[in-house]
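The values are calculated or read from the model by the stated rules, or taken from the named source; none is laboratory data. Owing to the predicted nature of the structure, the values given are computational and were not obtained by experimental measurement. Heads up, the Cβs are rebuilt from the backbone with ideal geometry, glycines too, and the neighbour counts pull from every protein chain shown.
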Amino acid sequence: MALFSKHTHLIHNFPKNYPWYKKTFANIIYFISGLVIHHRKNELTHLDIVHARRKMRKGDVVLVANYRELSSLAINGISTHAMLYLGKRRFIGAEGDGVSISTWHHLHTEYDILIILEVPQYINNRKKIINKACLFAEKQIGKPYDFFFEGDYAKYFCTELVNVAFHHAKFHTGVASVKPTHNILEKIEKKMFSSTFKPLHPDEFLKANFQIKFLSHNLEYKKGHIHYVSKK
């Protein structure tokens, strides 16, 4: 078992006058979150990608997870990252270095599961909503990652970017990007880092006002819930 980090550089993409201790903490988290637990190939198959590409359309919400990363233990869910598909083989998401574009190759080689969600077909002005959400998200490229989940829109975490894009397009997703925390320890921790809110987990999009369009081969839908089934 080999332990190493895929992140070998420091983050410099911070807002102006960002506190030094937050910069330090953010870089520590970024380094830890890229820690690979062990070597193995990711679980998405060629057929997963073939079928997903046939179904994927502009404006789809893409939920993924890389179970090799230590961050997956902390996030603790079926999915650990959310992106928005812009069309033309481009995905947009917020990661450690900030809001950026990724490709099908990155998705195919990096992640273990894949879920595609869509704005329901019956929604009025659906095409207009999707175009507006994608345009808004694309305009956020280059903004830094929000490590402290402050929700100020000068920086973004992954689910916040997707959620805010649809809210900007006047589509009610049914979930909030941040919500008050009721756990005492979490309140103390959040208070130390200037936030009293809990970030939106990627899995919560599964309970939002989207429809499930696609599940990778190692996921199954049973009794209203998605379950991970290892199929090596």
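Of the residues that sit in the range 162-204 and are in a loop (DSSP other than H, G, I, E, B) and in contact with a Pro (Cβ under 8 Å, 6 or more places away or on another chain), which one is modelled with the lowest pLDDT?
It comes out as Thr196.
Select from the range 126-164 the residues that are polar (S, T, N, Q) and either crowded, with 17+ Cβ neighbours inside 10 Å or free of Cβ contacts under 8 Å to residues at least 40 places away in the same chain (or both) and list them in ascending order.
Correct list: Gln140, Thr159, Asn163.
Considering only the range 86-99, state which residues are in contact with a strand residue (DSSP E or B) (Cβ under 9 Å, 6 or more places away or on another chain), touching a residue at least 40 places away in the same chain (Cβ under 8 Å) and not in a loop (DSSP other than H, G, I, E, B). Explain how you work it out, then say what you get.
First pass over the range 86-99, keeping only residues in contact with a strand residue (DSSP E or B) (Cβ under 9 Å, 6 or more places away or on another chain): 86, 89-99.
Still in the list and also touching a residue at least 40 places away in the same chain (Cβ under 8 Å): 86, 92-99.
Those that are in contact with a strand residue (DSSP E or B) (Cβ under 9 Å, 6 or more places away or on another chain), touching a residue at least 40 places away in the same chain (Cβ under 8 Å) and not in a loop (DSSP other than H, G, I, E, B): Leu86, Ile92, Gly93, Ala94, Glu95, Gly98, Val99.
Could you figure out which of (1) of a type in the set (Lys, Arg); (2) in a helix (DSSP H, G or I); (3) in contact with a strand residue (DSSP E or B) (Cβ under 9 Å, 6 or more places away or on another chain) isn't true of Lys128?
So the condition that Lys128 fails would be (3).
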